[in-house]
1. Are any residues in region 1-29 more than 18 Å from THR366 (Cα to Cα), open to solvent by 100 Å² or more (accessible area, probe 1.4 Å) and in contact (Cβ under 8 Å) with a residue 24 or more places away in the chain, and if so, which ones?
2. How many residues does region 228-243 contain that are open to solvent by less than 10 Å² (accessible area, probe 1.4 Å) and more than 10 Å from the ligand (Cβ to nearest atom)?
3. Which is more than 24 Å from LYS298 (Cα to Cα), in contact with a Phe, Trp or Tyr (Cβ under 9 Å, 6 or more places away or on another chain) and at pLDDT 95 or above, of LEU199, LEU225, LEU209?
4. Restricting attention to region 39-59, and to residues there that are out of contact with any helix residue (DSSP H, G or I) (no Cβ under 8 Å at 6 or more places or on another chain) and closer than 27 Å to GLY226 by Cα, which single residue is surrounded by the most Cβ atoms within 10 Å (Cβ to Cβ)?
5. Within region 244-255, how many residues turn out to be surrounded by fewer than 22 Cβ atoms within 10 Å (Cβ to Cβ) and either touching a strand residue (DSSP E or B) at 6+ places or on another chain (Cβ under 6 Å) or hydrophobic (A, V, I, L, M, F, W, C) (or both)?
6. Kindly list, by first and then second residue, each pair from a residue in region 120-131 that is within 16 Å of GLY101 (Cα to Cα) and open to solvent by 10 Å² or more (accessible area, probe 1.4 Å) to a residue that is more than 7 Å from the ligand (Cβ to nearest atom) and of a type in the set (Val, Ile, Thr), limited to pairs with Cβ atoms under 6 Å and residues at least 6 apart or on different chains.
7. Among the residues of region 78-119, which ones are among the small types (Gly, Ala, Ser) and touching a residue at least 40 places away in the same chain (Cβ under 8 Å)?
8. If a residue has to be within 27 Å of LEU43 (Cα to Cα) and assigned to a loop (DSSP other than H, G, I, E, B) to count, how many in region 234-265 make the cut?
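The values are calculated or read from the model by the stated rules, or taken from the named source; none is laboratory data. Computed from a predicted structure; not experimentally measured. Here the Cβ is made from the backbone with ideal geometry for all residues, glycine too, and neighbour counts use every protein chain on show. For accessibility, only protein heavy atoms count, side chains too; no ligands or nucleic acids. Shrake-Rupley method; radii C 1.70, N 1.55, O 1.52, S 1.80 Å.
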Amino acid sequence: MTSILGTYARKDISFKKGKGTYLYSENGDKYLDWVCGIATNILGHGHPRLVKAIQNQSKKLWHVSNAFIIPEQEKLAKRLTNFTFADKVFFTNSGTEAIEGSIKIARKYFHKIGKPEKNRIITFEGAFHGRSLAALFAANNKSHCEGFGPKVDGFDQVSFANHEALKKAINENTAAIMVEPIQGEGGIKVVPDYCLQGLKELCDKNNILLILDCVQTIFRTGSLLGFEKSKISPDICAIAKGIGGGFPLGAVLATEKTSVGMTPGTHGSTFGGNPLGASVGNAVLDIVLSKGFFNNVKKKGSYFHEELKKLKDNFPKIIEEVRGINFIKGLKLKVDSTEFVSKLMKHKLLVVKASENCIRLFPPLTSTTKELSVGLKIIKKVCQEYKN
Ligand SMILES: *Cc1c(COP(=O)(O)O)cnc(C)c1O
């Protein structure tokens with residue numbers, strides 16, 4: 001009997017080692033890992049640069065309070081602002097905390113400029129923003145929220161891609177619109193660039209803020225945060241998952257203007273951005289920002305997409321739709337996704353489900369084309385099993 005609280009429906013397997021794209025189970029089996037800790041081990045397992053970063057920093061200094069200057073954190077923040085829309089960064093340990101921070105910054109902004117009545121956030125059906133009480137009721141997923149009332153107020157939800165409903169939901173109390181550029185848990189649903197642009201215009205016109213939840217999209221589209229192709233600039237952005245390459249690290253990115261309310265004492269975190277975490281974050285950036293890295297991700301991503309499309313064309317009774325961009329991909333299935341995931345696992349490919357009967361495919365960005373083809377072959381094999 002496990003002593004772990006029963007919140008996870010766990011697969012009956014554990015791993016003793018990870019190397020690159022592969023995980024090794026206790027009984028010695030080798031698995032291709034396209035779960036990647038749910039889009040988190042962005043550079044695979046045991047990347048030598050990350051190992052070195054954590055070893056070096058661990059000998060010097062693990063943790064000091066945010067009451068003191070943390071040079072590794074300063075450096076990571078400087079780089080994140082240099083390469084994004086943001087001017088200011090607040091570090092967290094998780095995506096949920098980055099979402100909480102985003103909401104707080106938005107509300108505090110309007111409080112600071114003398115419009116405290118603007119404190120409500122518009123969100124979208126199918127969203128996932130984390131498991132804190134506010135993040136839960138922001139996303140308003142019925143099964144996640146059930147039993148955790150009273151409801152945290154301050155969120156107005158509209159259906160995904162319903163422009164009229166969105167316009168109607170905006171009123172004098174609206175502070176912000178919060179959206180994932182690609183709904184992850186919701187089933188790898190991409191918000192098209194023109195919609196992101198429309199959202200931004202709507203925000204500007206109504207003097208409200210745009211919060212992007214890039215916790216899952218970060219790096220995987222072949223750009224830093226995941227919305228750059230749309231050319232829009234949000235006011236606030238939450239990141240986590242990939243930024244720590246497997247180490248718990250997240251951040252809120254914000255513009256200078258939006259950050260005016262966040263003065264000393266208004267927010268804080270004990271662990272967020274400590275020397276160990278920030279060092280790993282810097283090592284992740286060293287790699288993803290190196291010359292040609294994202295171009296390579298896009299190249300491999302377009303191969304991946306084409307091959308997935310071929311699978312869909314060859315197995316139209318099994319695969320309904322190929323979703324996502326580059327290394328954040330999903331397959332909407334016509335067969336039961338839970339069963340499909342089990343079958344893939346029998347053939348030593350690990351993937352994770354999402355809503356709308358989808359499976360999510362999160363190969364590490366360091367995967368070779370050859371490794372991608374290994375996974376694709378396993379998907380093909382499983383599709384063939386259904387045919388027989
Ligand atoms: C995973 C996720 C979160 C929550 O992140 P945690 O690190 O689990 O707290 C929030 N938003 C999105 C889009 C996510 O994918």
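1. LYS11, the sole residue that qualifies.
2. Taking region 228-243 as the starting set, the residues that turn out to be open to solvent by less than 10 Å² (accessible area, probe 1.4 Å) are 230, 234, 236-240, 242-243.
This time we only want the ones that are more than 10 Å from the ligand (Cβ to nearest atom), so: 230, 234, 236-237, 242-243.
The total comes to 6.
3. Of the residues listed, the single one that is more than 24 Å from LYS298 (Cα to Cα), in contact with a Phe, Trp or Tyr (Cβ under 9 Å, 6 or more places away or on another chain) and at pLDDT 95 or above is LEU209.
4. Filtering region 39-59 for residues that are out of contact with any helix residue (DSSP H, G or I) (no Cβ under 8 Å at 6 or more places or on another chain) and closer than 27 Å to GLY226 by Cα, the one surrounded by the most Cβ atoms within 10 Å (Cβ to Cβ) comes out as ASN41.
5. Going through region 244-255, the residues surrounded by fewer than 22 Cβ atoms within 10 Å (Cβ to Cβ) turn out to be 247-248, 255.
So of that shortlist, the ones also either touching a strand residue (DSSP E or B) at 6+ places or on another chain (Cβ under 6 Å) or hydrophobic (A, V, I, L, M, F, W, C) (or both) come out as 247.
Residues in region 244-255 being surrounded by fewer than 22 Cβ atoms within 10 Å (Cβ to Cβ) and either touching a strand residue (DSSP E or B) at 6+ places or on another chain (Cβ under 6 Å) or hydrophobic (A, V, I, L, M, F, W, C) (or both): 1 in total.
6. ARG120/THR174
7. Passing the criteria: ALA86, SER94, GLY95, ALA98, GLY101, SER102, ALA106.
8. Qualifying residue count for the region: 5.
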